[in-house]
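A.B. asks: Supplied in structure tokens, the structure appears directly below.
The values are calculated or read from the model by the stated rules, or taken from the named source; none is laboratory data. In this text the structure is predicted, and so the values were computed from the model without any measurement. Neighbour counts run over all protein chains shown; Cβ positions are idealised from the backbone, glycine included. For the accessible areas, the whole protein counts, side chains as well, though only heavy atoms, and no ligand, DNA or RNA atoms are used. Shrake-Rupley method; radii C 1.70, N 1.55, O 1.52, S 1.80 Å.
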Amino acid sequence: MFDIYTIGADELRVKASPIETFDEELAATTETMLATMMWGKGIGLAGPQVGIGKRLFVVQLESGKPFVFINPEIVATSPDLAEFEEGCLSIPGAYADLTRPATVRIQAYNVRGRRFNLEAEGLLARVIQHELDHLDGVLFTDRLPERIRDRVLKQYEKRMRA
Ligand code: NI
């Protein structure tokens, strides 16, 4: 299991670098990330959250199959927007509604280095955008209006003291 870094850690603010080698070690890393995510009851986890400054993240929605995204890029977003409540394993206890594009088309590589394209909508589209932000050192709270961000970060601090 990996330790999950929480807001304030420098690890969460790096711009992650591309994966260049698709090997057994990478496969093992993604398995451990999935286990760490499930242990934390999360639905997505990005490399920087566990101190890996590489462009990869894992996603598993309830009752769905696990996804591994390596060197992901959003190639298109819908003009229509959707509002979802977001949370983050790196900011436990903090939740807020956030508006983002409703649908995204993503290109990425799987753990064996095979490129794939995926058109995602609903919750999956949301998790993908949230996790991709992590690869650029961005947390969902950065995208909130200041007043709401302050309130949400207070929720987190309260959780940390409990
Ligand atoms: Ni997150």
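A.B. asks: Using a 1.4 angstrom probe on the protein heavy atoms only, line up Asp142, Asp10 by accessible area, largest first.
C.D. replies: Working: Asp142 65, Asp10 120 Å².
In descending accessible area the options line up as Asp10, Asp142.
A.B. asks: Let me ask something else about it. Sequence gap of 8 or more, or different chains, plus Cα separation below 26 Å: how many lysine pairs satisfy both in the chain?
C.D. replies: So the count works out to 7.
A.B. asks: Also, quick follow-up: Could you state the accessible area per residue of the range 10-161 in Å², with a 1.4 Å probe and every protein chain left in place?
C.D. replies: 54
A.B. asks: Suppose every K and R has +1 on its Cβ and every D and E has -1 on its Cβ; what is the size of the dipole of the chain about the Cα centre, in Debye to the nearest 20?
C.D. replies: Taking the Cα centre of the chain as origin, the dipole is about 240 debye.
A.B. asks: Go through Ser17, Ser90, Ser63 and list them by solvent-accessible area, largest first, probe radius 1.4 Å.
C.D. replies: These residues rank, largest area first, as Ser63, Ser17, Ser90.
A.B. asks: Now a separate question. Multiplying the sequence separation of Glu121 and Asp23 by 0.36 nm and subtracting their Cα-Cα distance, what value in nm do you get?
C.D. replies: 32.2 nm
A.B. asks: Among Glu73, Glu11, Glu146, which one shows the biggest mean-square fluctuation in a GNM of the chain, springs joining Cα atoms closer than 10 Å?
C.D. replies: Glu146
A.B. asks: Let me ask you something else. Using a 1.4 angstrom probe with every protein chain in place, what is the largest-first accessible-area order of Arg13, Arg115, Arg55?
C.D. replies: Arg115, Arg13, Arg55
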